[in-house]
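Working notes, structure below.
The values are calculated or read from the model by the stated rules, or taken from the named source; none is laboratory data. Since the structure is predicted, the reported quantities are computational estimates derived from the model, not experimental observations. Here the Cβ positions follow ideal geometry from the backbone for every residue, glycine too, while neighbour counts run over all protein chains shown. Calculation scope for accessible area: heavy atoms of the full protein, side chains included, ligands and nucleic acids excluded. Shrake-Rupley method; radii C 1.70, N 1.55, O 1.52, S 1.80 Å.
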Amino acid sequence: MKLWRLIGTVAIAAGCGNGSAPASAADRALAEFAGAYPEAAAPTGVVRTFELTAAPTELPLIDGKQLAVWAYNGQVPGPTLRVRLGETIRVRFTNKLPQDTTIHWHGVRLPNAMDGVPYITQQPVRPGETFVYEFTPKDAGTFWFHPHVRASEQVERGLYGVLVVEDAKPAPYSRELVWVLDDWLLDQTGQIAPDFNTRHDLAMDGRWGTAITINGKTNTLLRVQPGERIRLRLLNSANGRVFKPDFGELDAKIIAVDGLYLRTPIPARDFELAPGNRLDIDLAFDRSTSAPLEIWDRFLAQRPNKLASVAVDGPLVATPAFTSPAAARVPAWEDAVNAPVAHDFRLNAQQGGPFGIAWTIDGVAMDMSHHHAMAPSVALERGRFAHLHFTNESPRIHPIHTHGMFFRLLARNGVRVDEPFFRDTVLIHPREEIDVGVVPTDAGTWMMHCHILEHAEAGMMTTISVVEPTP
Ligand SMILES: [Cu+2]
């Protein structure tokens, strides 16, 4: 940090030579941000209504055996909710679980009261109760929804689904696929191991399962016809596992991260898909091939996992010809790290708390299970650029997720990175420091937490307050 501040002073001093008032690094970042994505929603007036019920059920999952799960509308993953940009989504949600719950709309910029955070944005939805979520997404993209109450148990039991917000004019892909990646930790009877938030999970990187599934099933085979061009929407819904998808010989480009398009598409390799992250992949099958096509997870280099096989056969179909969707206005924010740091979040653990290990942000473990009066970590001004710093003082990984706002990664361990995209979740490696830049667009009290759900449950959560700017 000291190094950045020093460089910042030099840069600003050098910028004074042209006679005009010197713009600060934050002013320059904000100017460059203009037009990156809309500040407000643009409702068309069309309302799409969905009924969602969370309830226990049994489903043939993993390798086809009956598994006792908790599910939205009796499905794991839950139904994919699909709206078009500008349409208003209205979800009548009913809780038929034996516990309180809520629905959080991960990655969606929405009014704070619709964010699904117990005791902060709403009261928990008690067993038997109904709650109506209604909002108009500001962004097209791949989002998802899951409980924000006892999430390490409720998500693990199967409560998650994808929200697709289509572009006003969707690109003409041959077809679209939604793949939800998850892993399952089973007991000797083949059922979901009922001990959640174990000391092992907490001491390590959360609960990692042994059965890795796509849309609830192992041994995925993707059948395609030569010539097809597919938009693949990938979500990591696991509690703790990070995936690093390797598409091998496939022609695969990342067109969107965490919902939003990239400045320009990049090859789909080496992306750390942490819990909560989404990738939209442009997959083209422009030739017949006899080579085995496979998709692997290589996050643990020594223990790779085969995710899917791909079979290309059948008659050749015409390939839709169009330029991959992109967002021209993703800022580079070259000197944004020189802006003053609004807050340095320190991530660590300590002994104690209800699970024996507490995960902390700035030395504090947050308890979501009841009403509390914890002060926000930092107050940011709506519509202004803010520079945040994170120091991982622990030897574990932490995918940090912000509700209600996107950010861009500026640097890792003081070394500038230029990711051509925004995020809502970023993996912070052991002992790593990162810098991010953010322009919040929505006022309110927003959660920020580790998306390893066991770490979050054991305290690694805080809030960011977004307030109206001072004139
Ligand atoms: Cu964590």
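Brief remarks on what is shown
- Spin-label zone in the range 451-471 - amide nitrogen under 17 Å from a point set 7 Å from the Cα of Ala40 along the C-beta vector: 468-469
- Rolling a 1.4 Å probe across all protein chains gives Arg269 an accessible area of roughly 150 Å².
- Measuring how big the range 390-471 is from its alpha-carbon positions, Rg and Dmax come out at 13.3, 42 Å.
- Shown is the FRET efficiency for Arg92 and Asp167, computed with R0 = 35 Å from the Cβ-Cβ distance and rounded to the nearest 0.05: 0.85.
- With 5 Å bins from 0: P(r) over the range 38-178, alpha-carbon pairs, percent: 2, 10, 19, 22, 18, 14, 9, 4, 1, 0
- Close amide-amide hydrogen proximity is noted between Asn239 and Asp183, each under 5 Å apart and 5 or more residues distant or on a separate chain (H modeled in the peptide plane; Pro and chain starts excluded).
- Label zone at Gln99, where the point sits 7 Å out along the Cα-to-Cβ direction: the range 45-63 residues whose backbone N lies under 16 Å: 54-57
- By the Kirkwood approach, averaging reciprocal distances over each pair of separate Cα atoms, the range 299-350 gets a hydrodynamic radius of 18.7 Å.
- Per-residue 3J(HN,Hα) values for the range 347-352, derived from phi via the Karplus relation 6.51 cos²θ - 1.76 cosθ + 1.60 with θ = phi - 60°, read 9, 7, 10, 8, 6, x Hz in sequence order (x marks Gly and Pro).
- Within the chain, the proportion of C-alpha pairs whose separation exceeds 39 Å stands at 20%.
- Here the Karplus curve 6.51 cos²θ - 1.76 cosθ + 1.60, taken at θ = phi - 60°, turns the phi angles of the range 224-229 into couplings of 10, 9, x, x, 5, 10 Hz, with x standing for Gly and Pro.
- In order along the range 305-312, the phi-based Karplus estimate (6.51 cos²θ - 1.76 cosθ + 1.60, θ = phi - 60°) of 3J(HN,Hα) comes to 10, 6, 8, 6, 9, 10, 10, 9 Hz; Gly and Pro are listed as x.
- Only helices enter the 222 nm calculation for the chain: every DSSP H run of n ≥ 4 contributes -39,500 (n - 2.57), and dividing by all residues gives -2000 deg cm²/dmol, rounded to 500.
- At R0 = 51 Å, FRET efficiency that the Cβ-Cβ distance of Met204 and Leu316 yields, to 0.05: 0.60
- Here is the list for the range 19-104: GluC sites (Glu not before Pro) lying in DSSP coil, each with at most 16 other C-beta atoms within 10 angstrom of its C-beta, are Glu39.
- Scaled radius of gyration (Cα, divided by 2.2 N^0.38 Å) that the range 160-245 gives: 1.39
- With protein chains left intact and a 1.4 Å probe, residues in the range 293-356 average 54 Å² of accessible area per residue.
- In this structure, the amide hydrogen of Arg346, modeled 1.01 Å from its nitrogen in the peptide plane, lies closer than 5 angstrom to those of Asp362, Thr391, counting only residues at least 5 positions away or on a different chain.
- Here the gap between Asp195 and Ala23, fully extended at 0.36 nm per residue and compared with their Cα-Cα distance, gives a gain of 56.4 nm.
- For the range 243-338, the direction-averaged projected area of the alpha-carbon convex hull comes to 8.5 nm².
- Residues whose amide H lies under 5 Å from that of Arg109, counting only those 5 or more places away or on a different chain, are Lys138, Asp139; hydrogens are built 1.01 Å from N in the peptide plane.
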